[in-house]
Each structure stands twice: as structure tokens, then as C-alpha cells.
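Participant: Please find one structure pasted underneath; my questions will follow.
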Amino acid sequence: MNKAAIFDLDGTLADTALDLLNAGNLTFEEMGINYRLKENLDEGISSKGGRSTIREGLLKANGYIEEESVEKLYPIFLKNYEKVIDENSKLYDGTLEMLEFLSSKKIRLGVCTNKPKKQADILLKKLGIHSFFEIIVGPDTYGCAKPNPKPLKKIIDFLGSSLNSSVLVGDTSTDYMTSQAASVPFILVLYGHGVVHQNFNTSCTPYLAKSALGMADLILKIIKKY
């Protein structure tokens, strides 16, 4: 049975909050929405993804949110996001070395993200780590998003692993709920968006990663139990 480590993308492998924020502002400007997210203040909003960013802009500009408008604006947001997708986004310190180490130990690697697959592929290639992952799954891959456990389970099956021989690494409550629904061990990234920008409770799991390099040893420790 193969051992596998599956990673969230935004806030886990890379800090992407500012580029998401800028994509939101480009969308607001293009569509005449009188609101702008502010750097160093609103990354907690943008780090939750495109739809959350759009909702915030509509709420602040109009005082209410219509989900129909959110869905209408989302493709425009994605178009703008591709323009700025790697202007500020960067790997967390030690991430490249961590992936190299896990690969050298024959750990099978995958990505389970709520970012659409096209944009996930673009970003991972821009960051220079796309080739480490045998499978990259977004919400459009199987028609559902985290915390639905289906994408995670599909990745584990593809990698020839099992629920007990795999680990999910993430930074938000969505990642945690996904791991619980799939009965997969969960590592919480303490330096990611969920803890830094969204005040996610760190007591949800005993497995806490203070650094990417430290995470590598933690992954091996967990999956060697089985």
C-alpha cells in the first residue's frame, strides 16, 4: 500500500491572499462596484476565495448580497485572477525542500483545492512545484468541493493509498472538516491563511505544523503508524 500526502494549495503550500485580493479589486473596478479591499487589512476576506471576495464587495457596496450576482461575477474574477496570479504569491519557506524530501521517501503527493483546476495548474506551474504532484483536483474535477470528502477520497484511490495510509495537510476549517468526513489524519498549517487571517482554532488536531520543513517529519511520523 502506497503512502500519500495530500495538500491544500492556498494558505498551505503558498501565500496567495494578496493576489486574490487584487483580483477582487480588478473585478470591482471593471464592474463599477464601489468598494476596494485593502492590503494588510482584508486578506482574511480574500484568502477565503473568489466568491467570498465578491460577496464582501457586493455587501459593502450595496448593503446586500444576491447569489445570482456572485455567480455572474465569478468568471470575471477568475479572468482577472489569471492576470495577477503570481505577482505576489510565493511558496512558504521550506515548501520546496519539504516536497523534495517527501518525494525522495517515495511518498505519493496530490493537491486537493477549492481553487478551480485550471487556475490551480497555472499557479503550481508558476511556483515551480507542479511536477511534484501526481494528481491535482479542484471543485470542478468531480463536481463537488471540500468539505465534501469525495475529491480527497478520489485522490487517495488514484495514488494507490488508503485512508489510514494518507494524510491531509491544510490550513482552514474546510480542510479539517474534509479530513473528518473522510476519516483521514489532518495536519494543520499554523502559518497559513486559516490561522493567520481567519483565526481558525488550532485545538482541532494534535498534528500542528509550525514550518514546512517540520511538516515533512510530521507526515512521515503519521503515515508510518499504519
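Participant: Just want to confirm a number: the relative contact order over the chain, from Cα pairs under 8 angstrom separated by 6+ residues, in percent.
Facilitator: This gives 26 percent for the chain.
Participant: Still on this model: Which ³J(HN,Hα) values in Hz, rounded to whole numbers, follow from the phi angles of the stretch 133-146 under the Karplus curve 6.51 cos²θ - 1.76 cosθ + 1.60, where θ = phi - 60° and Gly and Pro get x?
Facilitator: 3J(HN,Hα) across the stretch 133-146, in whole Hz: 9, 6, 8, 10, 10, x, x, 8, 6, 10, x, 7, 10, 4.
Participant: Within the stretch 128-145, what residues put their amide N at less than 13 Å from the label point 7 Å along the Cα-to-Cβ vector of residue 51?
Facilitator: Answer for the stretch 128-145: 139-140, 143-145.
Participant: If you bin the C-alpha pair distances of the stretch 17-84 every 5 Å from 0, what whole percents do you get?
Facilitator: 3, 22, 34, 29, 11, 1
Participant: Could you give the dipole magnitude of the chain about its Cα centre, charging the beta-carbon of Lys and Arg +1 and that of Asp and Glu -1, in debye to the nearest 20?
Facilitator: It works out to roughly 840 debye.
Participant: Continuing with this model, one more query. In deg cm²/dmol and to the nearest 500, what is the mean residue ellipticity at 222 nm of the chain if only DSSP H runs of at least 4 residues count, each as -39500 (n - 2.57), divided by the residue total?
Facilitator: About -14000 deg cm²/dmol.
Participant: Within the chain, what is the longest stretch that has no GluC sites (Glu not before Pro) placed in a DSSP loop and near at most 16 other beta-carbon atoms within 10 Å?
Facilitator: Of all site-free stretches, the longest is 135-226.
Participant: Taking H placed 1.01 Å from N in the peptide plane, check which residues at least 5 places from residue 14 or on another chain put their amide H under 5 Å from its amide H.
Facilitator: For residue 14, the qualifying residues are 92.
Rule-based calculations on the coordinates, nothing more; no lab input. None of the values given here were measured: they were computed from a predicted structure. Virtual Cβ from ideal backbone geometry, glycine too; neighbours counted across all protein chains shown.
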